[in-house]
Amino acid sequence: MIIKNIEAKVRLATFVALGSLFTSLLIVGMNCLYAYKLVSNAQKSIYILDNNIPIQAKQTDVQMNRPAEYKADVELFHSLFFSLTPDDNYMEYQMKKAMYLVDESGMQQYNNLKENGFFNSILSSSSVLTLQTDSISLDVPKHYFRYYGKLKIDRRSSTVIRSLITEGYLKDIPRSDNNPHGALITNWKTLENKDLKDVEKNTF
C-alpha cells in the first residue's frame, strides 16, 4: 500500500509539474504575441510636431493602396506617351519622362512610331493629341492591366477620335522622383488603335 501511495503521489506530482509547465508556456506565448502586436502598432504611429505639440498620425499599409497607385501609374504613363503637341522639344520631354515608367517594350513602340513618321506627322499637321482615360482593368494578383481610352487628334482640317486599348504588366520597383509610384510597366503592347470618328472642319 505504501509503495502504491508513493507511485500515485509521483504520478500526481508529475502531472502537476507538466501542467504547470504547459500553462507557463501558454502564458509566455500569449504575452509575446501581445507584446509583438503592441510593438507593431507602435511602429505604425507617427508623431508630427506642431508648435512643439506632438500630434499622432497613423501609417497605412502600403499594399492597401497599391491598386490605386497601379492605376495612377498606368494613367500617367499613357498621358505622357499620347498627349502631345506639335513641339519636338515638348514631345521629347514627354517621351523621356514616360520611359522612366516602362521597360524596353515602351522604347520599342516609341521607335516603331518614330520610324513610321508618327511624330513628324504631328509636327507637319500641327496636331494636338489629347488622351482621355475611359477605364483601367486591373488584376492585382497577376500584376496585369488593360487600359481603355480615347485619343483625340485635333488637326487643322479635321478632328479624329481613336479608340485606344493597351495591356501590360506591373513590376514593383523602388520609388524615385522619376517613378513616384514605384511601379514599372512591362511587356506593354497596343491591342487596338482605330478611328471611331473623323469630323472635317470648315476651312473658310
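The values are calculated or read from the model by the stated rules, or taken from the named source; none is laboratory data. Keep in mind it's a predicted model, so treat the numbers as computed, not measured. All Cβ positions, even for glycine, are placed from backbone atoms using ideal geometry, and neighbour counts span all protein chains on display. SASA here: full protein model, heavy atoms, side chains in, ligands and nucleic acids out. Shrake-Rupley method; radii C 1.70, N 1.55, O 1.52, S 1.80 Å.
Data for the structure
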read-out: Answer from L49, L21 - the residue that is at pLDDT below 80, assigned to a strand (DSSP E or B) and either touching a Cys at 6+ places or on another chain (Cβ under 6 Å) or open to solvent by 70 Å² or more (accessible area, probe 1.4 Å) (or both); value: L49
read-out: Extreme residue, most open to solvent (accessible area, probe 1.4 Å), among residues of the range 148-167 that are part of a strand (DSSP E or B) and either hydroxyl-bearing (S, T, Y) or touching a helix residue (DSSP H, G or I) at 6+ places or on another chain (Cβ under 8 Å) (or both); value: Y148
read-out: Residue match in the range 168-183 (condition: in a strand (DSSP E or B), in contact with a Phe, Trp or Tyr (Cβ under 8 Å, 6 or more places away or on another chain), polar (S, T, N, Q) and open to solvent by less than 50 Å² (accessible area, probe 1.4 Å)); value: no
read-out: Search result, residues across the range 60-118 that are open to solvent by 90 Å² or more (accessible area, probe 1.4 Å) and of a type in the set (S, T, N, Q); value: T60, Q63, N89, Q108, N116
read-out: Test: residue in the range 133-140 that is at pLDDT 95 or above, farther than 28 Å from D198 by Cα and either not polar (S, T, N, Q) or not in a strand (DSSP E or B) (or both); value: yes
read-out: Failed item in (1) surrounded by 15 or more Cβ atoms within 10 Å (Cβ to Cβ); (2) over 22 Å from R155 (Cβ atoms); (3) touching a helix residue (DSSP H, G or I) at 6+ places or on another chain (Cβ under 8 Å), with S127 passing the rest; value: (2)
read-out: Some residue of the range 192-204 being touching a helix residue (DSSP H, G or I) at 6+ places or on another chain (Cβ under 9 Å) and either among the β-branched types (V, I, T) or open to solvent by less than 50 Å² (accessible area, probe 1.4 Å) (or both); value: no
read-out: Count of residues meeting criterion [under 19 Å from L76 (Cβ atoms) and charged (D, E, K, R)] in the range 175-204; value: 3
read-out: Pairs, first free of Cβ contacts under 8 Å to residues at least 24 places away in the same chain in the range 88-106, second open to solvent by less than 10 Å² (accessible area, probe 1.4 Å) and of a type outside the set (V, I, T), C-beta under 7 Å, six or more apart; value: Q94/L84; A98/F77; A98/F81; A98/G106; M99/G106
